[in-house]
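Shown next, in structure tokens, is the structure this report addresses.
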Amino acid sequence: MFENNKVTKLTGTKYPIIQGGMAWVADAELAAAVSNGGGLGIIAAANMPPELLEQQIIKAKTLTDKPFGMNIMLMSATAEDAAEIAAAYRIPVVTTGAGQPGKVIEKLKPLGTVVIPVIASVALARRVESQGADAVIAEGMESGGHIGEITTFNLVPQVADAVKIPVIAAGGIADGRGMAAAFALGASGVQIGTRFVCASECRVHENYKKKIIAANDRATAVTGYSLGHPVRALKNKFIKQFEELEKSRVSAEEISAFGSGKLRLAVVDGDTENGSLMAGQSAGLVRDIEPAARIIDGIISQASDIIAGGRRCTQ
Ligand code: TUI
């Protein structure tokens, strides 16, 4: 049912499912596993040194013959290097996040790269469309990591009304119900992050995965509003301390310094108390660690059943 739609035509994948470009998490192995499962795997350039990013791309090519993409985090000091590398390796699809992607579009579009910015508002969706973006990922504030202000349920249909390019929904989607709902709101694809953190192929520390699986509906909190960079993560000691600092008279620089390196601490060292466990509200929906291909198959089959069933609203 989802094969050969607007998004699969852009991404060259079987299904319109894109993996989130999660810093420290989205490496060659996860990207290849998602691509092998029929979605679009993504390597997150984040703050990776250029040599490491190149190694990851080369490694992914040994693990899959399917297309995979790259995410450029625009707040990163290495964003321009990442765009150079995307160009040099002819990465077919590039997603961007956390900023204005004008320069990336200008650089990569002439090479034929499909550029899909993550946006969190209608205004930015309109702007990137006029700059030549091929599609947009409308990311609601249910997402993990750096977020905007609008919920997926409101952002997706408003963006779908405002632009002609395909809209991919993100934020709060972890199963086939979420995917079916996204399509009902006008999306032609979904981006999924948190659920893929719990893919067997994802090399995130086991402790991180266990915290997501144990999470309930109220397990996440948003910090960083005072810094202008709200971030959603699972509540823990680190979040409590961060909240205390934000309430105090401590300077923004000191608070930022306190947050620095904490995602790595959680992902690599498995320190679930002092690290930043970035995750979306859909953590409450994640129950098991499963191979990426099984996650994708389950989502597609559940979403297809819901849509094909044309369910009568008697539930
Ligand atoms: O980028 C994300 N999620 C992220 S990036 C990240 S790394 C990080 N680590 C620590 C602190 C802060 C960040 C973790 N999670 N998602 C895509 C996204 N982009 N969400 C929201 C936006 C966005 C927001 C504002 C995109 C553009 C934008 O433009 C505002 C403007 O006008 O410049």
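The values are calculated or read from the model by the stated rules, or taken from the named source; none is laboratory data. Just so we're clear, the structure is a prediction, and the values are computed from it rather than from any experiment. Backbone-built Cβ (ideal geometry, glycine too); neighbour counts: all protein chains shown. In case anyone asks, the SASA skips ligands and DNA or RNA and just uses the protein heavy atoms, side chains included. Shrake-Rupley method; radii C 1.70, N 1.55, O 1.52, S 1.80 Å.
Over the stretch 220-278, average the accessible area per residue using a 1.4 Å probe and give it in Å², no decimals.
52
Go ahead and set up a Gaussian network model of the chain, Cα springs under 10 Å, then flag whichever of Gly178, Gly280, Gly298 fluctuates most.
Gly298
Sticking with the crude label model, points 7 Å out along Cα→Cβ, report the distance from Asn274 to Tyr225 in nm, one decimal please.
Label-label distance for Asn274 and Tyr225, simple model: 2.9 nm.
Could you give log10 I(q)/I(0) at q = 0.15, 0.16, 0.22 Å⁻¹ for the stretch 220-278, computed by the Debye formula over C-alpha point scatterers of equal weight, without solvent?
Summing over Cα pairs of the stretch 220-278 leads to -0.37, -0.42, -0.80.
In straight Cα distance, which lysines are under 25 Å from Lys66, not counting same-chain residues fewer than 8 positions off?
Lys6, Lys9, Lys14, Lys107, Lys109
What is the percent of Cα-Cα separations in the stretch 1-129 that go past 24 Å?
21
Using only Cα atoms, figure out Rg for the stretch 93-251 and give it as a multiple of 2.2 N^0.38 Å.
Against the empirical 2.2 N^0.38 Å value, I get 1.12 for the stretch 93-251.
Once each part is reduced to its C-alpha centroid, what is the distance from the stretch 108-167 to the stretch 181-229 in angstrom?
Measuring centre to centre over Cα atoms gives 18 Å.
Taking amide H positions as placed 1.01 Å from N in the peptide plane, with prolines and chain starts having none, which residues 5 or more places from Gly172, or on another chain, fall under 5 Å of its amide H?
Ser143, Gln281, Ser282
Which residue, Pro101, Pro166, Pro50, tops the fluctuation ranking in a GNM of the chain built on C-alpha contacts under 10 Å?
Result: Pro50 has the largest fluctuation of those listed.
To check my understanding: the extent here is largest minus smallest coordinate of the Cα atoms along each principal axis. What are those three numbers for the chain, in Å, largest first?
52, 52, 39
Ordered by residue, what ³J(HN,Hα) values in Hz, to whole numbers, does the stretch 265-272 give under the Karplus form 6.51 cos²θ - 1.76 cosθ + 1.60, where θ = phi - 60° and Gly and Pro are x?
4, 6, 6, 8, 8, x, 7, 7
Calculate the spin-label point distance for Glu3 paired with Glu253, positioning each point 7 Å from the Cα along the beta-carbon direction, and give it in nanometres.
5.8
Accessible surface of Val94 in the full protein assembly, 1.4 angstrom probe, to the nearest 10 Å²?
0
Compare Lys59, Lys247, Lys209 in a GNM of the chain, Cα atoms joined below 10 Å, and give the one with the largest fluctuation.
Comparing Lys59, Lys247, Lys209 in the GNM, the peak value goes to Lys247.
Around Thr220, which amide H atoms from residues at least 5 apart in sequence, or from another chain, sit under 5 Å from its own amide H, with H modelled in the peptide plane?
Placed amide hydrogens put Lys235 under 5 Å from Thr220.
Rg (Å, one decimal) plus Dmax (Å, integer) for the alpha carbons of the stretch 190-315?
Rg, Dmax (Cα atoms, Å): 17.4, 56.
Using modelled backbone amide H atoms (1.01 Å from N, in-plane), which distant-in-sequence or interchain residues come within less than 5 Å of Thr96's amide H?
Ile72, Ile116, Val118
Under 23 Å between alpha carbons, and skipping anything fewer than 8 positions from Lys210 in its own chain: which lysines qualify?
Lys235, Lys237, Lys240, Lys262
List the residues of the stretch 173-217 whose backbone N lies under 14 Å from a point placed 7 Å from the Cα of Glu243 along the Cα-to-Cβ direction.
The answer is none, because no backbone nitrogen lies closer than 14 Å to the label point.
Over what distance in Å are the Cα centres of the stretch 250-281 and the stretch 1-69 separated?
25
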